[in-house]
Amino acid sequence: MEYKLTTNTFNNLETRAAIKVIKSGKFTLGKYVKSFEERFAKKFNRKYAVMVNSGSSANLISIASLFYRKKNCLKPGDEVIVPAIAWSTSYFPLIQYGLKIRLCDVDIKTLNVDLNSLKKKINKKTKLIVVVNILGNPANLIELKKICKRKKIILFEDNCESLGAKVGKKFTGEFGELSTSSFFFSHHISTGEGGIITTNSKELNDICKSLRAHGWTRDIKESKIFKKKKSSFHEQYRFILPGYNVRPQEINAAMGLVQLKKFNEMIKVRRKNAKIFQEIFSKNKNFIIQREHGISSWFSFTLIVNNKKGLTREKVLKVLKKNKIHFRTITGGNIAEHDVIKFLNVPKSDLNLPNASIAHRNGFFIGNFPKDLAPQLRKLEKILNHII
Ligand SMILES: Cc1ncc(COP(=O)(O)O)c(C=O)c1O
């Protein structure tokens with residue numbers, strides 16, 4: 001029995017939806033994208049949603065949008081604090097837009113931002129905090145929001161791997177001025193490739209809409225970010241912002257609409273699997289597993305090998321490989337230990353990140369997806385008990 005990292009959650013419903021789009025002859029930014037955006041925003045309690053072609057593009061457009069709004073906008077040289085465990089494209093737009101990246105450590109148990117480490121990095125130049133909810137587990141969003149409000153710092157939530165997670169009654173993704181989701185294949189809902197930005201600000205929504213499509217005004221109806229010209233000829237090709245083309249396709253949105261309907265059921269199964277995982281590993285001193293904060297949507301199951309017990313990750317992974325259990329790095333690992341760090345211009349003093357380093361060197365994750373994984377998890381239990 002092979003235990004993979006992910007599975008295909010598409011069936012004939014997504015296939016039919018995709019074929020319908022192909023037959024329609026309309027491929028970009030049409031009724032399916034509009035409908036997906038409206039339903040997504042409604043389901044996750046946000047006023048606006050802007051669909052794009054990936055979670056990475058959603059991060060890029062979000063960060064860019066904060067440079068073009070009228071009040072409280074970012075400027076090159078402003079400082080941004082971001083935890084050392086995130087995805088590569090959680091960081092890249094920050095440096096590409098000239099922000100000064102300050103790294104803080106993570107909590108070894110939750111794998112989310114460590115607030116004590118974060119607080120030490122806040123100074124007068126701090127204008128933005130990027131919080132990344134790791135692998136379905138909500139960060140300490142209530143406290144973060146309070147800090148941001150008190151210090152007049154913008155909070156941006158990269159929620160690309162945590163759709164459906166909750167803190168109290170609120171979803172993750174409801175806390176940031178802007179929040180992003182990814183619909184890549186292995187994520188909580190998938191559109192093949194795809195992503196979305198959500199916000200409650202009409203201004204940011206309109207800026208994001210322009211930035212995603214050539215920097216033009218065509219897809220924006222009534223807005224305060226520009227005044228429509230009398231001539232519809234010029235309005236059709238009117239460029240107001242230095243944007244991109246990161247538009248989603250109708251096919252992705254049509255498949256996303258089907259996946260949204262399956263969402264509640266898929267999350268239920270993920271959580272059921274998580275109960276078994278927790279039951280097996282929560283008392284096992286050889287591993288640190290991710291401690292749930294709030295209600296996780298369980299993207300995957302992390303295991304950090306406790307070296308003090310004489311076990312090594314190398315030994316564990318060798319046995320897993322032999323038994324066809326797939327594994328991988330926890331999200332992107334510690335960004336400070338990647339070659340790309342030399343391009344991110346992070347102060348040297350920020351590169352000492354003990355917990356992120358432990359997760360990077362001793363940790364890995366195994367898959368969780370909306371199928372009953374009880375047999376796979378029991379097999380894992382048996383194998384690991386055997387090597388200990
Ligand atoms: C935290 C985080 N941010 C951003 C992304 C990028 O999303 P995408 O792969 O859709 O570009 C990912 C992808 O897994 C992610 O985990």
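Could you run through segment 159-186 and say how many residues are within 23 Å of Phe327 (Cβ to Cβ) and surrounded by 24 or more Cβ atoms within 10 Å (Cβ to Cβ)?
Residues in segment 159-186 being within 23 Å of Phe327 (Cβ to Cβ) and surrounded by 24 or more Cβ atoms within 10 Å (Cβ to Cβ): 6 in total.
Could you say which residue among Ile196, Ile129 is away from the ligand (no atom under 12 Å from the Cβ), under 15 Å from the mean Cα position of the chain (by Cα) and either at pLDDT below 95 or not in a loop (DSSP other than H, G, I, E, B) (or both)?
Going through Ile196, Ile129 in turn, just one is away from the ligand (no atom under 12 Å from the Cβ), under 15 Å from the mean Cα position of the chain (by Cα) and either at pLDDT below 95 or not in a loop (DSSP other than H, G, I, E, B) (or both): Ile129.
Got at least one residue in segment 116-123 being in a loop (DSSP other than H, G, I, E, B), in the same structural domain as Ala58 (by TED's automatic domain parsing) and either more than 27 Å from His338 (Cα to Cα) or touching a residue at least 12 places away in the same chain (Cβ under 8 Å) (or both)?
Checked against the condition, which is being in a loop (DSSP other than H, G, I, E, B), in the same structural domain as Ala58 (by TED's automatic domain parsing) and either more than 27 Å from His338 (Cα to Cα) or touching a residue at least 12 places away in the same chain (Cβ under 8 Å) (or both), segment 116-123 yields at least one hit.
Taking only segment 176-193 into account, find how many residues are among the hydroxyl-bearing types (Ser, Thr, Tyr) and either assigned to a loop (DSSP other than H, G, I, E, B) or without any contact (Cβ under 8 Å) to a residue 12 or more places away in the chain (or both).
Matching residues across segment 176-193 total 3.
Scan segment 220-251 for residues that are in contact with a Phe, Trp or Tyr (Cβ under 7 Å, 6 or more places away or on another chain) and not aliphatic (A, V, I, L, M) and report the count.
Total meeting the criteria: 5.
For Asn140, which of the numbered conditions (1) touching a residue at least 40 places away in the same chain (Cβ under 8 Å); (2) within 15 Å of the ligand (Cβ to nearest atom) fails to hold?
In the conditions (1) touching a residue at least 40 places away in the same chain (Cβ under 8 Å); (2) within 15 Å of the ligand (Cβ to nearest atom), Asn140 misses (2) alone.
Which members of segment 333-349 meet the condition of being within 23 Å of the chain's Cα centre (by Cα) and of a type outside the set (S, T, N, Q)?
Of everything in segment 333-349, those that are within 23 Å of the chain's Cα centre (by Cα) and of a type outside the set (S, T, N, Q) turn out to be Gly333, Ile335, Ala336, Glu337, His338, Asp339, Val340, Ile341, Phe343, Leu344, Val346.
Quick check on segment 59-80. Is at least one of its residues more than 30 Å from Glu250 (Cα to Cα) and among the aliphatic types (A, V, I, L, M)?
yes
Return yes or no: is Leu66 more than 15 Å from the chain's Cα centre (by Cα), in contact (Cβ under 8 Å) with a residue 40 or more places away in the chain and surrounded by 21 or more Cβ atoms within 10 Å (Cβ to Cβ)?
Spelling it out, Leu66 is indeed more than 15 Å from the chain's Cα centre (by Cα), in contact (Cβ under 8 Å) with a residue 40 or more places away in the chain and surrounded by 21 or more Cβ atoms within 10 Å (Cβ to Cβ).
Pick out, from segment 1-68, the helices (runs of 4 or more DSSP H) lying fully within it that include 1 or more residues that are within 16 Å of the ligand (Cβ to nearest atom) and polar (S, T, N, Q).
Working: elements: 12-24, 31-43, 55-68.
Ranges flagged: 55-68.
Counting residues that are in the same structural domain as Leu377 (by TED's automatic domain parsing), which helices (runs of 4 or more DSSP H) fully inside segment 200-288 reach at least 1? Before you say what the answer is, go through the steps one by one.
Working: elements: 202-212, 232-236, 250-281.
Where helices (runs of 4 or more DSSP H) fall fully within segment 200-288 and carry at least 1 residues being in the same structural domain as Leu377 (by TED's automatic domain parsing), they are 250-281.
The values are calculated or read from the model by the stated rules, or taken from the named source; none is laboratory data. Quantities reported herein were computed from a predicted structural model and do not represent experimental measurements. Cβ: placed from backbone, ideal geometry, glycine included. Neighbour counts: every protein chain shown.
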